[in-house]
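Notes for the one structure printed next.
The values are calculated or read from the model by the stated rules, or taken from the named source; none is laboratory data. The shown structure was predicted, so the numbers you read here are calculated from the model rather than taken from an experiment. Because the Cβ atoms are built from the backbone with ideal geometry, glycine has one as well, and the counts that use them run over all protein chains shown. Ligands, DNA and RNA are excluded from the accessible area calculation, which covers all protein heavy atoms including side chains. Shrake-Rupley method; radii C 1.70, N 1.55, O 1.52, S 1.80 Å.
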Amino acid sequence: MTLLAVERIKLFTTRSPWWCALAALAVVIGFAAIISGAAPAGELTDVSLTQFGYGFGMAVIMVLAALSVTTEYRFSTIRTTFQAVPNRTAALLAKTGVVATLSLVIGEVAAFGAWGLASAMRPEDLMLNTTAEWISVAGVGVVFALASVVAIAVGILIRHSAGAISLVLIYALAVENLIQLIPKIGKDIYDWMPFHVADRFLTGGPAAADAPLSQAGSLAYFAGFALVLLVISLVVANKRDA
């Protein structure tokens, strides 16, 4: 509990988490407002469309998560942390837990805020009547939390803010989509790309009937990817100098 309290204090005494949280909320809710205002009456019937901006919000969350660890390496405060807590794994897991929890909360507030705004602006019935509709909204926070774990792992491995942020953003926003351009096998590979699978988890149902994994399987796959990457980063962090 002490480690969690320390990481919480370190996180919330800097400005970047606050700005990133506000940016993520503004992006997700803002896109919902734009879509709700622009779509012709009677056409916004899919609840998942209210979460159109979640991918951009997730990118902001990954920046927040990467900065939470790379900033410590930049200013060498990570050395002080490791001197105070020789168990590096425990220290880094505490940081991961705090950031993931914050990401979960931001994701849920953003998702339900976007859905609520769209429901207020539109004449269509956007009530959450099915399990798939609940997942498309409530699942955003879960995806944000797992994405933050991925970003923290990358931050631990690279240790430089610019490099870590560039990698997570380029991969999440561009690389997976470009893989589809590979002749013959691109589509098959794309079906197993982690962030695409996470998107399948949120948008599952009849539209994802051809997906290789179920919604539950998609979430487990993305969680497994985040966990494996985190384990690798912890092993590396314990073997090298701070």
Worksheet item: What is the one condition in (1) open to solvent by less than 20 Å² (accessible area, probe 1.4 Å); (2) over 22 Å from residue 100 (Cβ atoms) that residue 198 does not satisfy?
Response: (2)
Response to the item:
In segment 172-186, residues that are open to solvent by 60 Å² or more (accessible area, probe 1.4 Å) and either under 18 Å from the mean Cα position of the chain (by Cα) or on the phi > 0 side of the Ramachandran plot (or both) total 3
Practice prompt. Look at residue 100 and say whether it is open to solvent by less than 40 Å² (accessible area, probe 1.4 Å) and either at positive phi or assigned to a helix (DSSP H, G or I) (or both).
Written response: yes
Worksheet item: Can you name every residue in segment 217-242 that is of a type in the set (Ser, Thr, Tyr), open to solvent by less than 40 Å² (accessible area, probe 1.4 Å) and under 15 Å from the mean Cα position of the chain (by Cα)?
Response: 218
Practice prompt. Return a yes/no flag: does segment 30-37 have any residue that is within 24 Å of residue 166 (Cβ to Cβ), modelled with pLDDT of 85 or more, in contact with a Gly (Cβ under 7 Å, 6 or more places away or on another chain) and part of a helix (DSSP H, G or I).
Written response: yes
Item to complete: Tell me, please, whether a residue that is open to solvent by less than 40 Å² (accessible area, probe 1.4 Å), part of a helix (DSSP H, G or I) and farther than 13 Å from residue 112 by Cα can be found in segment 12-20.
Response: yes
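Results for (1) among the aliphatic types (A, V, I, L, M); (2) closer than 19 Å to residue 229 by Cα, shown as yes or no for each residue.
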| site | (1), (2) |
| --- | --- |
| 52 | no, no |
| 72 | no, no |
| 99 | yes, yes |
| 106 | yes, no |
| 112 | no, no |
| 127 | yes, no |
Worksheet entry | One residue from 85, 6, 47 being modelled with pLDDT under 95, open to solvent by less than 20 Å² (accessible area, probe 1.4 Å) and among the hydrophobic types (A, V, I, L, M, F, W, C) | 47
Fill in: The one condition in (1) surrounded by 17 or more Cβ atoms within 10 Å (Cβ to Cβ); (2) within 15 Å of the chain's Cα centre (by Cα); (3) within 23 Å of residue 196 (Cβ to Cβ) that residue 115 fails to fulfil
(2)
Item to complete: Say whether the condition of being open to solvent by 70 Å² or more (accessible area, probe 1.4 Å), modelled with pLDDT under 95 and not β-branched (Val, Ile, Thr) is met by at least one residue in segment 58-73.
Response: no
Worksheet item: Restricting attention to segment 38-58, which residues are over 20 Å from residue 202 (Cβ atoms) and in a loop (DSSP other than H, G, I, E, B)?
Response: 40, 41, 42, 43
Practice prompt. All but one of (1) farther than 30 Å from residue 37 by Cα; (2) surrounded by 14 or more Cβ atoms within 10 Å (Cβ to Cβ); (3) of a type in the set (Val, Ile, Thr) hold for residue 142, so report the exception by its number.
Written response: (1)
